[in-house]
Amino acid sequence: MEYSIIIEKNPETGWYCGQCKQLPEALSQGKTLDELMENMKEAIELAIECREEDLREQYRNRKVFHRKITIPA
């Protein structure tokens with residue numbers, strides 16, 4: 001899956017800060033763009049994991065059915 005990262009360079013520190021557009025809770029920083037991107041991968045993975053845990057908790061003790069749906073572009 002692809003994610004869009006909004007990147008900003010802090011003029012005072014020179015560090016890069018990033019936020020995932022699709023997962024706003026996924027934030028990170030790095031001294032270089034490469035370091036930022038590696039840190040963003042971890043932040044996105046953690047955000048997805050937290051969302052999955054929240055969903056599991058929300059639907060605990062409920063009978064849930066999973067279906068896929070395709071919407072034409």
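Provide the solvent-accessible area of I71, counting protein heavy atoms only and rolling a 1.4 Å probe, rounded to the nearest 10 Å².
130
If the chain between K63 and K31 were fully stretched, how many nm would it gain, using 0.36 nm times the residue separation less the Cα-Cα distance?
6.8 nm
Just going by the charge dipole of the stretch 9-67, with Lys and Arg at +1 and Asp and Glu at -1 on Cβ, which of H66, W15, G30 is farthest out on the positive end?
Comparing the listed Cα positions along the dipole, H66 ranks first.
For A26, enumerate residues with amide H under 5 Å from its amide H, sequence gap 5+ or separate chain, H modeled in the peptide plane.
It is C20, by chain and number.
Using Cα-Cα distances under 8 Å and only pairs 6 or more residues apart, what relative contact order does the chain have, in percent? Write down the numbers at each step before the final one.
Values: 77 pairs, mean separation 13.3, N = 73.
Value for the chain: 18 percent.
In degrees, nearest 10, range 0 to 90: what is the angle between the Cα axis of helix 33-58 and the longest Cα principal axis of the chain?
Approximately 20 degrees, to the nearest ten.
Give me the net charge for the shell around E49: Cβ to Cβ below 12 angstrom, other residues only, Lys and Arg +1, Asp and Glu -1.
Working: positive: R51, R56; negative: E25, E42, E45, E52, E53, D54.
Here the count lands on -4.
Could you work out how far apart the two model spin labels at C17 and R56 are, taking each label as a point 7 Å from the Cα in the direction of the beta carbon, and quote it in nm?
3.3
Straight-line reach from K68: which lysines have Cα under 29 Å away, leaving out those fewer than 8 places along the same chain?
List returned: K21, K41.
What distance in nm separates the simple spin-label points at E49 and S4, each placed 7 Å from Cα in the Cβ direction?
Result: 2.7 nm between the two label points.
The values are calculated or read from the model by the stated rules, or taken from the named source; none is laboratory data. Being a predicted model, the structure only gives us computed values, none of them experimental. Note that we place each Cβ from the backbone using ideal geometry, even for glycine, and neighbour counts take in every protein chain shown. Each accessible area value is taken on the protein alone, full model and side chains, heavy atoms only, with ligands, DNA and RNA left out. Shrake-Rupley method; radii C 1.70, N 1.55, O 1.52, S 1.80 Å.
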